[in-house]
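Derivation of every value follows stated rules applied to the coordinates shown; laboratory data play no part. These numbers were taken from a predicted model, which means no experiment stands behind them. FYI the Cβ positions are ideal-geometry reconstructions off the backbone, even for glycines, and counts take in every protein chain you see.
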Amino acid sequence: MLMIAISLYVTSVQAAEVSPGLGQSIDSEEVSSVDISIDPRGENLPAGSGTAVSGATVYADKCAACHGTDANGGDGLADSLVGGIGTLATEKPVKTVISYWPYATTLFDYTRRAMPLDAPMTLTDEEVYAVSAYLLFLGGVIEETHELNAQSLREVQMPNRDGFQSVWPDM
Amino acid sequence: MEPGSANRIEHAAGNGLLNRRAFVQKSIVWLSATAAGSSMAATTGDSAPDWMKTPGAPFRGYGQPSPYTESAQRKHLQPYGEMAPGSGASVTPLQDLHGVITPNGLHFERSHNGVPAIDPEEHELIVHGMVGQALKFSYNDLLRYPTVTRTCFIECSGNGLFNSNLVSQPMQLPVGHLHGVMSTAEWTGVPLSILLDEAGMVTNAKWLLAEGADAAGMSRSIPVSKAMDDTMIALFQNGEPIRPEQGYPMRLLLPGFEGNTHVKWLRRIKVTDAPTYTKDETSKYSDLLPDGTANLFSLKMGVKSAITRPALPYKMAGKGFYEVSGLAWSGHGSVTRVEVSADTGRSWSDAELSAPILPMSPVRFRVPWHWDGSPSVLMSRAHDDQGNIQMPRSEWSAKYAVGHLYHNNSIQAWGIATDGEISNVWS
């Protein structure tokens with residue numbers, strides 16, 4: 001029974017490899033309008049820049065209500081964003097953006113696409129650079145006046161950059 | 001055989017686990033007795049129930065469960081409360097379901113910022129990146145593509161969190177809470193390989209970035225090898241268009257992979273040569289180890305089983321015969337064997353597995369049990385065809401850091417007290 005079921009499935013996949021070819025070609029401009037994902041190489045980062053100084057205002061306006069004025073998670077519901085460096089191998093690991101996330105590009109990507117939760121995709125690129133800089137400053141990763149832009153963001157070394165290993169064999 | 005004569009039935013393992021044929025033999029006796037009894041019943045309406053004496057309800061366009069089964073409901077878990085009501089999960093009530101397939105209205109939900117209301121006429125799927133030609137597909141385009149059908153489970157990586165290192169003692173919760181962020185459906189859709197071939201994916205492509213059209217912009221990296229093997233753009237769930245909470249109008253289906261990778265409301269696939277290291281695959285669904293490092297891309301869900309009856313929230317209805325029944329599944333392949341113990345793991349009996357046994361699809365397992373009323377601990381242990389065996393909770397727990405909650409596929413135990421109360425126990 002098992003073998004029959006497997007062979008039927010394989011057959012159905014093979015039989016389906018004929019495409020009606022209905023995909024519509026799109027140009028690089030249309031691709032750019034939706035390609036918001038940023039990998040660690042940061043090649044897709046947008047123009048603009050920001051520092052922790054301006055980011056403090058963005059944070060106070062858009063983030064502090066949930067994540068707390070000190071970015072430690074507010075009343076305990078929202079994720080803590082800073083702190084926890086050096087705790088991962090202890091009896092009380094604290095996973096935050098600063099202590100755990102391997103890449104600063106992920107902070108930019110996620111903030112731009114998903115935050116603030118009640119109005120995602122409303123921050124300008126300048127605001128995302130600025131508030132990213134503010135959190136990295138609060139976490140002690142960069143100086144308050146350090147400008148984040150498409151070049152400098154990808155150069156940020158997160159504290160836990162080397163703390164991961166992939167268990168997927170085909171990297 | 002006389003009712004209750006368990007002492008004359010072959011025992012398969014300690015504390016009353018019986019040979020699988022015991023139930024069959026007993027039910028034959030019971031059925032023949034019922035038939036004999038009914039032949040003596042009155043044939044007038046005097047003794048017939050009301051619903052046999054008046055015409056029933058007419059037809060309706062979309063069937064609904066009996067009003068007497070209203071207890072079968074998903075329960076919501078909203079960890080962020082009213083601050084983010086659409087962020088969280090609802091769980092399949094495994095305690096009220098039998099067989100393997102999950103009804104569409106009871107399939108678990110996991111969303112990170114609510115369920116979007118997507119008009120399929122305005123929705124597009126874009127394929128771009130390391131391809132010869134970037135393409136977009138409308139929903140109606142995809143409906144004209146060749147399709148495949150398969151039955152498989154989707155399991156959230158957080159399934160089992162209530163017995164994980166997040167908690168310091170076993171939580172007394174219904175089996176649906178403990179294991180119900182796993183559901184099973186028959187999915188129909190377009191093999192992703194067809195669209196990647198059509199776009200002309202380049203040969204050194206290794207990963208994809210898949211992105212949803214929800215308010216979390218959920219995004220995950222997926223190996224090209226999986227995408228070209230058995231990944232589907234699912235359009236139909238148990239025969240009907242997939243439900244909004246399952247990703248209408250289209251979602252990814254990656255048989256055996258952790259649920260979060262089955263990106264719902266799929267809007268974009270970018271072909272890449274490396275992972276994108278998105279927020280969810282790095283900061284959330286990674287596995288922190290005691291040494292402070294973490295495993296990334298634990299994509300295949302481990303072999304697992306759970307007893308769904310007897311189970312919380314119910315209690316035993318007195319001593320005597322029970323069918324111990326549950327589900328077993330593996331993201332690595334097919335379940336080959338499920339063992340059940342009624343004596344805290346000292347002895348085990350092989351359970352009967354329901355056919356068909358399919359890769360990345362759960363099986364229903366069953367074993368008859370005569371409960372003599374003494375305190376007992378029921379456990380199940382699954383094996384798959386890749387040599388994986390479900391491990392004890394203590395062994396699983398020791399592998400991971402304090403607080404770690406993902407990918408818990410360890411053995412779970414139900415304690416049965418003399419008064420019939422059932423509890424989730426760590427043994």
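Please tell me the relative contact order of region B:109-291 in percent, rounded to the nearest whole number, where contacts are Cα pairs under 8 Å and at least six residues apart. Present the calculation step by step, with values, prior to reporting the outcome.
Values: 366 pairs, mean separation 51.4, N = 183.
Relative CO of region B:109-291 lands at 28 percent.
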Checklist entry - Along region B:165-177, what does the Karplus equation 6.51 cos²θ - 1.76 cosθ + 1.60 (θ = phi - 60°) give for ³J(HN,Hα), rounded to whole Hz, x for Gly and Pro? => result 6, 6, 10, 9, 8, x, 8, 8, 9, x, 4, x, 6
Next on the checklist: Need the C-alpha centroid separation for region B:354-390 versus region A:132-147, integer Å.
Outcome noted: 53
Next on the checklist: With a 10 Å cut-off between alpha carbons and a GNM built on chain B, which of B:D280, B:D119, B:D350 moves the most?
Outcome noted: B:D119
Checklist entry - Amide H to amide H under 5 Å from B:A294: which residues, 5+ apart in sequence or cross-chain, H placed 1.01 Å off N in plane? => result A:F164, A:Q165, B:L289
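Evaluated at 20 °C with a viscosity of 1.002 mPa s, what Stokes-Einstein diffusion coefficient in µm²/s does chain B have when Rh comes from the Kirkwood expression over alpha-carbon pairs? Walk me through the numbers on the way to the answer.
Values: Rh = 23.5 Å.
Reported coefficient: 91 µm²/s.
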Checklist entry - Which pairs in the list B:K226/B:K284; B:K206/B:K304; A:K62/B:K264; A:K92/B:K264; B:K75/B:K270 are over 32 Å apart, alpha-carbon to alpha-carbon? => result A:K92/B:K264; B:K75/B:K270
Checklist entry - Taking amide hydrogens as modeled 1.01 Å from N in the peptide plane, which residues meet the under 5 Å criterion relative to B:V324, leaving out close sequence neighbours? => result B:V367, B:W369
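Given the DSSP H assignment, sum -39500 (n - 2.57) over each helix run of at least 4 residues in chain B and divide by its residue total; what's the result at 222 nm in deg cm²/dmol, nearest 500?
Details: 6 runs with 48 residues, N = 427.
Computed mean residue ellipticity for chain B: -3000 deg cm²/dmol.
Work out the FRET efficiency for B:T69 and A:D170 from their Cβ-Cβ distance, taking R0 = 35 Å, and round it to the nearest 0.05.
Working: r = 46 Å, r/R0 = 1.31.
In this case the efficiency is close to 0.15.
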Item to check | Lys, Arg +1 and Asp, Glu -1 on Cβ, resulting dipole of region B:109-291 about Cα centre, debye, nearest 20 | outcome: 120
Checklist entry - What whole-number value in cubic angstrom gives the convex hull volume per residue for the C-alpha atoms of the protein assembly as shown? => result 177
Item to check | Span from the region B:239-294 Cα centroid across to the region A:154-171 one, whole angstrom | outcome: 18
Item to check | Karplus (6.51, -1.76, 1.60) ³J(HN,Hα), θ = phi - 60°, over region A:68-83, in Hz, Gly and Pro reported as x | outcome: x, 5, 9, 6, 9, x, x, 7, x, 8, 6, 5, 6, 9, 10, x
Checklist outcome for this item: Computed, not fitted: 222 nm per-residue ellipticity of chain A from DSSP H runs ≥ 4 (each -39500 (n - 2.57)), nearest 500, equal to -11500 deg cm²/dmol
Checklist entry - Between Rg and the Kirkwood Rh of region A:69-171, both from Cα atoms, what is the Rg to Rh ratio? => result 0.98
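Multiply the residue gap between A:A89 and A:A64 by 0.36 nm, knock off their C-alpha separation, and tell me the result in nm, one decimal place. Provide the component values of the computation, followed by the final result.
Working: separation 25, 0.36 × 25 = 9.00 nm, distance 2.88 nm.
Extra length from A:A89 to A:A64 when fully extended: 6.1 nm.
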Item to check | Peptide A:105-114, shielding by other chains (average Cβ, 10 Å cutoff) | outcome: 5
Checklist outcome for this item: For chain B, longest principal axis from Cα atoms; helix B:21-38 axis from its Cα atoms; angle between them, nearest 10 degrees, is 60
Item to check | Protection proxy ranking of A:85-91, A:142-148, A:95-101 - average other beta-carbon atoms within 10 Å, highest first | outcome: A:95-101, A:142-148, A:85-91
Checklist entry - Cβ under 12 Å from A:E127's Cβ, A:E127 left aside: what net charge do those residues give with Lys, Arg +1 and Asp, Glu -1? => result -1
Item to check | Phi to ³J(HN,Hα) by Karplus 6.51 cos²θ - 1.76 cosθ + 1.60 over region B:326-336, Hz, x for Gly, Pro | outcome: x, 10, 9, 7, 8, x, 9, x, 9, 6, 10
Item to check | Cut-off under 5 Å, modelled amide H: who pairs with B:A134 long-range | outcome: A:I26
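Determine the sum of side-chain charges near B:E245: Lys and Arg each +1, Asp and Glu each -1, restricted to other residues whose C-beta is under 11 angstrom from that of B:E245.
Working: positive: B:R74, B:R110, B:R243, B:R251, B:K264; negative: B:E109, B:D214.
So the environment of B:E245 carries a net charge of +3.
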Next on the checklist: With +1 on the Cβ of every Lys and Arg and -1 on the Cβ of every Asp and Glu, and nothing else charged, how large is the dipole of region B:233-311 about its Cα centre, in debye rounded to the nearest 20?
Outcome noted: 300
